[in-house]
1. Place a +1 charge on the Cβ of each Lys and Arg in the chain and a -1 charge on the Cβ of each Asp and Glu, then give the dipole magnitude about the Cα centre in debye, rounded to the nearest 20.
2. Pull up the cross-link candidates among the lysines for K64, meaning alpha carbon to alpha carbon under 18 Å and not fewer than 8 places away within one chain.
3. Assuming 0.36 nm per residue, please report the length gained on full extension of the stretch N190 to D52 beyond their Cα-Cα distance.
4. Can you classify region 101-203 as rounded, prolate or oblate using the Cα gyration tensor, where a ≥ b ≥ c are the square roots of its eigenvalues, rounded means a/c under 1.5, and otherwise it's prolate if a/b beats b/c and oblate if not?
5. Treating only the Cβ atoms of Lys and Arg (+1) and Asp and Glu (-1) as charged, compute the dipole magnitude of region 108-164 about its Cα centre; round to the nearest 20 debye.
6. At 222 nm, what value in deg cm²/dmol follows for the chain if DSSP H runs of at least 4 each add -39500 (n - 2.57) and the sum is divided by all its residues, to the nearest 500?
7. Could you tell me which of rounded, prolate or oblate describes region 21-118, using a ≥ b ≥ c as the square roots of the eigenvalues of the alpha-carbon gyration tensor, with rounded for a/c under 1.5 and, failing that, prolate when a/b is larger than b/c and oblate otherwise?
8. Longest segment of the chain with no GluC sites (Glu not before Pro) in a DSSP loop having at most 13 other Cβ atoms within 10 Å?
Amino acid sequence: MKRTIMAIIGCLLAFTNIFAADTAKSVLDKASASFKKCPSVAIGYTVSMSGDSEKGTITLQGQKFRNQLSNMTIWFDGKTMWSYNKENEEVNVTTPSSAQVAKINPYAFLGIYKKGYKIAFGKNTKQYFEVILTAQDTKTSIQKLTVHINRTNYQPMYVAMSNQKTGNMVITINSYKKGSKQADSAYQFNKKKYPNAEVIDLR
């Protein structure tokens, strides 16, 4: 009898974990769907890492984005990234990995959560769902993501990531504004606007 009861409890716990994971994933699915409905969005955010913090504004259109920081502007057209440093008038051109994009784009997790991560709820509140993504492969660059999703509109409010190379980083979303679709050139570096910039191709 004791073994039977323990077996039943075990099955119930397993079912509960599966249900929780599916529900947590559905929250991310809804957040992804909500984001994809917008032609573009402009997001104000604060990024914190190693005791330092900086505010930025990023305009997103699908996988493309333009990220404006105090001393740097970054363009990404879905494949190529241009990082312009205002102080030294240099532009580095790279083909970034998904982990490198995630460090710059607070919404990048919406493109990686469906593969390679275990998904579960953390400590949910009345204001947000806390969803925790844990990498299934120990070699994955981003090992853990903790995301807070607004219960009302399914917009991300907070993203904390643990990166094997750069350590922990926290992104807090301060504002969210929907916009119209922009030309692809808006997410590419325009040499004519920065005639004195030195372009360094690192691809």
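The values are calculated or read from the model by the stated rules, or taken from the named source; none is laboratory data. Remember, it's a predicted structure, so these values are computed and weren't measured experimentally. Cβ: placed from backbone, ideal geometry, glycine included. Neighbour counts: every protein chain shown. The accessibility values were calculated without ligands, DNA or RNA, using every heavy atom of the protein model including side chains. Shrake-Rupley method; radii C 1.70, N 1.55, O 1.52, S 1.80 Å.
1. With only Lys, Arg, Asp and Glu charged at Cβ, the dipole is about 780 debye.
2. Candidates past the 8-residue exclusion: K36, K37, K79, K103, K177, K178, K181.
3. That pair, N190 and D52, stretches by 46.7 nm at full extension.
4. Values: a/c = 2.60, a/b = 1.48, b/c = 1.75.
It is oblate, given that a/c is not under 1.5 and a/b is not larger than b/c.
5. Computed charge dipole of region 108-164: roughly 100 debye.
6. Values: 2 runs with 42 residues, N = 203.
Result for the chain, helices only: -7000 deg cm²/dmol.
7. It comes out prolate by the Cα gyration axes.
8. Working: sites that count: E87, E89.
The longest uninterrupted stretch comes out as 90-203.
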